[in-house]
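Since the structure comes first, as structure tokens, the remarks are kept for the end.
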2 protein chains.
Amino acid sequence: MRWTQFFIPTVRETPAEATAPSHRLMIRAGLIRQVAAGSYIYLPLGWRALRKVARIIREEMDRAGAIELHMPAMQPVELWEESGRTVSMGATLIRLPDQPWRKGTVLGPTHEEVVTDIVRSFISSYRQLPITLYQIQTKFRDEQRPKSGVLRTREFLMKDAYSFDADKHGLDASYQKMYDAYCRIYRRCGLPYVVVEAESGPIGGDASHEFMVETPAGEDVMMRCGSCGYAANVERGEPHPLAGEEGAALEPPREVHTPELRTIDQVCGFLKRPPASMIKTLVYRTAHDATIVALVRGDHEVNEPKLARAARTARVELADADIIQNLTAAKVGFAGPQGLAGRGARIIADQAVSVMRNAASGANRTDYHVVGLNPGRDFAPDLVADIRNAVPGDRCVRCGSELLFRTCIEVGHVFKLGTKYSDAMKARFLDERGQAHPMIMGCYGIGVNRVMAAAIESHHDEAGIRWPVSIAPFEVLIVALDSEDERVMSVATRLHDELAAAGVDVLLDDRDLRPGPKFKDADLIGVPFRVTVGKKSLADDKVEIKRRDADDVEKVSPASAAARLTDLLRAAHASLMP
Amino acid sequence: MRWTQFFIPTVRETPAEATAPSHRLMIRAGLIRQVAAGSYIYLPLGWRALRKVARIIREEMDRAGAIELHMPAMQPVELWEESGRTVSMGATLIRLPDQPWRKGTVLGPTHEEVVTDIVRSFISSYRQLPITLYQIQTKFRDEQRPKSGVLRTREFLMKDAYSFDADKHGLDASYQKMYDAYCRIYRRCGLPYVVVEAESGPIGGDASHEFMVETPAGEDVMMRCGSCGYAANVERGEPHPLAGEEGAALEPPREVHTPELRTIDQVCGFLKRPPASMIKTLVYRTAHDATIVALVRGDHEVNEPKLARAARTARVELADADIIQNLTAAKVGFAGPQGLAGRGARIIADQAVSVMRNAASGANRTDYHVVGLNPGRDFAPDLVADIRNAVPGDRCVRCGSELLFRTCIEVGHVFKLGTKYSDAMKARFLDERGQAHPMIMGCYGIGVNRVMAAAIESHHDEAGIRWPVSIAPFEVLIVALDSEDERVMSVATRLHDELAAAGVDVLLDDRDLRPGPKFKDADLIGVPFRVTVGKKSLADDKVEIKRRDADDVEKVSPASAAARLTDLLRAAHASLMP
């Protein structure tokens, strides 16, 4: 391909909101262009890279025995009502306006419902299981705050796979195959990934792992033990239980007048105590309208999925002021654990609360707090559990070593769904004895665009992108200096044609420009191997090969350049193979 | 690939509305499944075929120098307001409901606006032209009556290309490249196609051709000269001018009382005249609210695009009753050409009207018609032109031979757009002298799913599909009879592995079924080459090779089968190459 016959609209200025390096570089290098918030054009260079990511994913899915199909974006809302996700997806699920000729259509943010409908229609026997179906297809999600370029958009390319098994062992095996395939995919794409335990969220299910790539541009935070390798999303990860404070004598409980002081900060300022000595008392409603009181330390945050799991309910949400005032007999802001037992609410204390001494909390009396509060003596939780987010300073639950906290991008997510969808949608099979059971499902997603962006987050410098060779839009860039010189152009063209004939993705910069801008663009678009063909070095019968990720230059004869480059490419590709 | 590890949900019963053979066979062979009206799942076999069509299209686009990118479905309605197509697209254009965080979003039924926005943003000089950009991407159109399986759906895969040139000669060259690429694509997909002159419709533009495949399941009608090769969509095609009736003496005009007789049929019945002796008088409004009277023979239909072109207006629509009654001074149903001149309407007569003798028409007087009407003597049209649809019996405009009328599927459409979009959206370039001009555009579409369906329409029999080898989901099907026999399975498996290693798409039917159902399924899914491996023929050291489209069977030794099949495949592929 010749640069002058291709379309690489590089850009000097990037918008102020483009702070993530991948966002900035994808715009500057002419990979993407925004059409509307969260909606992007993939320009030719960007599209080439994205297709290479998709190809690697497809190869590894096929290798793992998954079967490709293609489901439509337009889906009947009835399927979503069957699974109950019209509610849990909320406004993320885009509904098309009804028309006299078409009603109840949504755009698929994911395809559990459609694939379960396929499988329940065609599969009825254990003999037809297991099966894993996948697609690489465009998803629509009405993100309220699209951000960071293609990292969070309303329309994106996703690989989604769904496994169906007859039993839990089968699910474990199907899950492991996908897990292994994901490791190979990220390895081949050159991503330094970490696998973490994850929260399932509205997809649902028993267990899940996320594949994370560390970068300041990420929206997720993972905690990782540098010692034993334990890693989890902070939404999910369990901190090591805290040891109790020792030494301090137990004070008696004492009420303090704290008029209009409602927040932890206000009360701490007034009482001159650190937030870590306070008990935060939060009232929740469960999915079945029971009331739960959650107690966490003043410097901690409740993790609602953990709380819901501890309470064995599908989800929790903060209770209304009415419920709180009825329960505590006080205005909102003065709730505390003391004296709440027996009022119909279940009290769940975080482990860190259970080891506090002489704590402070609301007094269940308007404008009063209580100090000298001691768990066990002054209140007894119904349950002690891990219901908070881990924070820097927490230690590894497995080995007790220090945890590292890092922002990261989620590039993939695998879930053991269990029977959430097969129960709701009656996707059943008959076993050897003719007994019906719900199928056991797993689901597995990769954001294709995110993989591309994460690769740039991991591989760039000030001058531009440094593509992993496996997903680079071109593998070799031939820079013809002195492009009006006949000898230069004939050597460059011959090399281009030799490489192209050998199946190399090669781009020839044949623009009539000075060397400076050509080299600058070469660094910006980040093709892994650059070959410079110029009058001066040709006088010594040489062309220059330079890797984008190294400084040294290798001089080879024009006649041997193609062979040398195919060798280098072979080695570069091999270095990314698992 | 082994059948038992793949997913081919064949189906016995097809829905009553599945009348088109491709629709019926795609359901029966497990290629597609409907999710909602006009929204289809491509099951694994169907998706493999569709991807092969897409690959051929991509190869030919690349060969023609078009550059691939990817534009999103979600687009800002502002772009459509710039081009004015929010109106002309009507309800076909799907608008998403506004949200506080997102407003004015449509789903792209096509991408002229987005691509023009890209090009005007990045291209400003004649030096950057010509350029042709394309994508293979999912389109959304809110069809009121989806039908015939994947032939008319609300969501479909389309290859759309857009060319930008500095002048009309450039456009001609870009158009010809796409035209040639389309011929290669359909040839390679095994489609017996015909290129016809076409009407541009709401896409707009100066000239266009459609690529048609004859089939009773089609929604279009083409007319084609068996003698000189002229072919056109009936929406567009010009019939040979009719000769005047000779011999009959000119009668004097005479009014006839025709109370409450308004339609051609009513009047013909009453007057005992054939419709071909009537003049139909229709009143239209132009895009700029001028009034036009169109005259066609009673047995002909006005072709509104032709009428609009003759009237040099963007579009015409039938006038309201008020306008008709004001113009004719009669109730609706009694309009005629006589005496209309000078009343502010332009009279455009079809050529066939201009040669009528002693015709009948409305008298511009309620409840009266007039007979003995003669053009020239009794009324004088402002313009005589071809403003009707051609009908069986019409002859070729070029050579006068008989025209054939055939229903067909449109599988592709190329348009010379000219400056319709570049004018509206100010997509301009500077020429050598720094003068700004609008770019000259072309656009080029292929319905990928339709190509697949058209291939089935053209290649099937009672038993199932007969895939062209180039787009067959698998090239070879190995049917292992006696699948519990060790020798059979070892020969079948070895052949499978040999073929797969040679890059052949091969499927091994390893199901534990009797030969009958296996052969039935083989015919149904239509893989081009079938190899039967059975105990009986293995006793003679033979396996049997059979083409799906022939009856004879070739016996070869298991050892030579792979080589023989790769030879046969090479020849089959070569036979489809242009």
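The values are calculated or read from the model by the stated rules, or taken from the named source; none is laboratory data. Keep in mind that this is a model prediction, so the values were computed, not measured. In this analysis, Cβ positions are derived from the backbone assuming ideal geometry, glycine residues included, and neighbour counts consider all displayed protein chains. Note: accessible area is taken over every heavy atom of the protein model, side chains too, but ligands, DNA and RNA are not part of it. Shrake-Rupley method; radii C 1.70, N 1.55, O 1.52, S 1.80 Å.
Taking a ≥ b ≥ c as the square roots of the eigenvalues of the Cα gyration tensor, the range A:336-452 is classed as oblate, since a/c reaches at least 1.5 and a/b does not exceed b/c.
Cross-linked pairs A:K159/B:K103; A:K103/B:K139; A:K168/A:K416: Cα-Cα separations exceed 21 Å for A:K159/B:K103. Lysine pair count for the range B:419-578 with Cα-Cα distance under 28 Å and sequence separation of 8 or more or different chains is 16. If R0 is 30 Å, the Cβ-Cβ spacing of B:E255 and B:S227 corresponds to a FRET efficiency of close to 0.10. Which Cys residues of chain B have no other Cys beta carbon under 4.7 Å away? Cysteines of chain B left without a disulfide-compatible partner: B:C183, B:C189, B:C268, B:C408, B:C443.
Of the residues making up the range A:72-99, those losing 50 Å² or more of accessible area when the isolated chain is joined by the remaining protein chains, with a 1.4 Å probe, are A:P72, A:M74. Taking only alpha carbon atoms, the range A:149-190 gives an Rg to Rh ratio of 1.12, where Rh is the Kirkwood radius. The phi-based Karplus calculation (6.51 cos²θ - 1.76 cosθ + 1.60; θ = phi - 60°) puts the 3J(HN,Hα) values of the range A:374-391 at 10, x, x, 7, 9, 7, 10, x, 6, 8, 10, 7, 7, 10, 10, 6, 5, 9 Hz, whole numbers, x for Gly and Pro.
Return the calculated 222 nm mean residue ellipticity for the protein assembly as shown, to the nearest 500 deg cm²/dmol, obtained by summing -39500 (n - 2.57) across DSSP H runs with n ≥ 4 and dividing by the residue count.
Values: 32 runs with 331 residues, N = 1156.
Rounded to the nearest 500, it is -8500 deg cm²/dmol.
The convex hull of the Cα atoms of chain A, projected and averaged over all directions, covers 33.8 nm².
At each listed q (0.15, 0.22 Å⁻¹), what is the log10 of I(q)/I(0) that the Debye formula gives for the range A:18-118 modelled as equal alpha-carbon point scatterers? The Cα Debye sum returns log10 ratios of -0.92, -1.07. Once C-alpha pairs closer than 8 Å and six or more residues apart are averaged by separation and normalised to the residue number of the range A:379-456, the relative contact order reads 26 percent.
Applied to the range B:144-159, the Karplus parametrisation 6.51 cos²θ - 1.76 cosθ + 1.60 on θ = phi - 60° returns per-residue 3J(HN,Hα) values of 6, 10, x, 7, 6, x, 8, 6, 9, 10, 8, 9, 7, 8, 10, 9 Hz, with x for Gly and Pro. Spacing of the modelled spin labels on A:D172 and A:D549, each 7 Å from Cα toward Cβ, amounts to 3.7 nm.
Applying both filters, DSSP loop and at most 14 other Cβ atoms within 10 Å, to the trypsin sites (Lys or Arg not before Pro) of the range A:416-505 gives A:K426, A:R433.
With viscosity set to 1.002 mPa s at 20 °C, what whole-number translational diffusion coefficient in µm²/s follows for the range B:66-189 from Stokes-Einstein and a Kirkwood radius over Cα pairs? Spell out each step's value before the answer.
Numbers: Rh = 16.3 Å.
Rounded, D is 131 µm²/s.
Counting only the Cα atoms, the range B:367-513 fills a convex hull of 398 Å³ per residue. Computed across the range A:310-404, the Kirkwood hydrodynamic radius from all distinct Cα-Cα pairs reaches 15.1 Å.
Working note: Debye formula, equal point scatterers on the alpha-carbon atoms of the range B:187-331, no solvent; log10 I(q)/I(0) at q = 0.20, 0.22 Å⁻¹ is -1.31, -1.39. Annotation: amide H of B:V106 within the under-5 Å range of B:Q75, B:V77, B:L96, sequence separation 5 or more or interchain, hydrogens built in the peptide plane.
For the range B:69-118, which trypsin sites (Lys or Arg not before Pro) are in a loop by DSSP, counting at most 14 other Cβ atoms within 10 Å?
Numbers: sites: B:R85, B:R95, B:R102, B:K103; in loops: B:K103.
The qualifying sites are B:K103.
Going by a 1.4 Å probe on protein heavy atoms, which residues of the range B:40-57 end up with at least 50 Å² less accessible surface in the whole assembly than in their chain alone? Listed by number, the residues meeting the 50 Å² cut-off are B:I41, B:W47, B:R51.
Taking only protein heavy atoms and a 1.4 Å probe, what accessible area per residue, in Å², does the range A:394-476 have with all protein chains in place? Don't skip to the answer; put the middle values down first.
On the way: 2890 Å² over 83 residues.
Computed with neighbouring chains in place, this is 35 Å² per residue.
Here's how it looks for B:D510: its modeled amide H is under 5 Å from those of B:W3, B:T4, which are all 5 or more places away or on a different chain.
Cα extents for the protein assembly as shown along the principal axes, largest to smallest and rounded to whole angstrom: 129, 77, 75. Its Cα gyration tensor gives the range A:355-418 an equivalent ellipsoid, and the semi-axes of that ellipsoid, as √(5λ) in whole Å with the largest first, are 35, 17, 15. Once A binds B, the 1.4 Å probe can no longer reach about 4500 Å² of accessible area, counting both sides. Distant-in-sequence amide contacts of B:I67, defined by a placed amide H-H separation under 5 Å and a gap of 5 or more residues or a different chain, comprise B:T132, B:L133, B:Y134.
Stokes-Einstein diffusion of the range A:430-578 at 20 °C, 1.002 mPa s viscosity, Kirkwood radius from Cα pairs, rounded to a whole number: 124 µm²/s. In whole angstrom, note down how far apart the Cα centers of the range A:1-80 and the range B:357-435 are. Using only Cα atoms to place each centre, the spacing works out to 44 Å.
How compact is the range A:518-561 by the rule of thumb for globular proteins, expressed as Cα Rg over 2.2 N^0.38 Å?
Details: Rg = 10.7 Å, N = 44, 2.2 N^0.38 = 9.3 Å.
Here the answer is 1.15, to two decimals.
Only Cα pairs under 8 Å and 6+ residues apart enter the sum, and on that basis the relative contact order of chain B stands at 17 percent. Measuring from centroid to centroid over Cα atoms, what is the spacing of the range A:278-345 and the range A:531-578 in Å? Cα centres, the range A:278-345 to the range A:531-578: 66 Å. Projected onto their three principal axes, the Cα atoms of the range A:470-539 cover extents of 33, 26, 17 Å, largest first. Here the protein assembly as shown exposes an accessible surface that is 48 percent carbon and sulfur, computed with a 1.4 Å probe and the other protein chains kept in place.
Among the trypsin sites (Lys or Arg not before Pro) found in the range B:320-413, those both in a DSSP coil and sparsely packed, with 15 or fewer other Cβ atoms within 10 Å of their Cβ, are B:R343, B:R377, B:R398.
Which of the helices in chain A meet the span-like rule: DSSP H, Cα axial reach of 24 Å or more, Kyte-Doolittle mean at least -1.0?
Values: long enough: A:44-63 (28 Å, -0.68); A:168-188 (30 Å, -1.20); A:558-576 (28 Å, 0.43).
Once both thresholds are applied, what remains is A:44-63, A:558-576.
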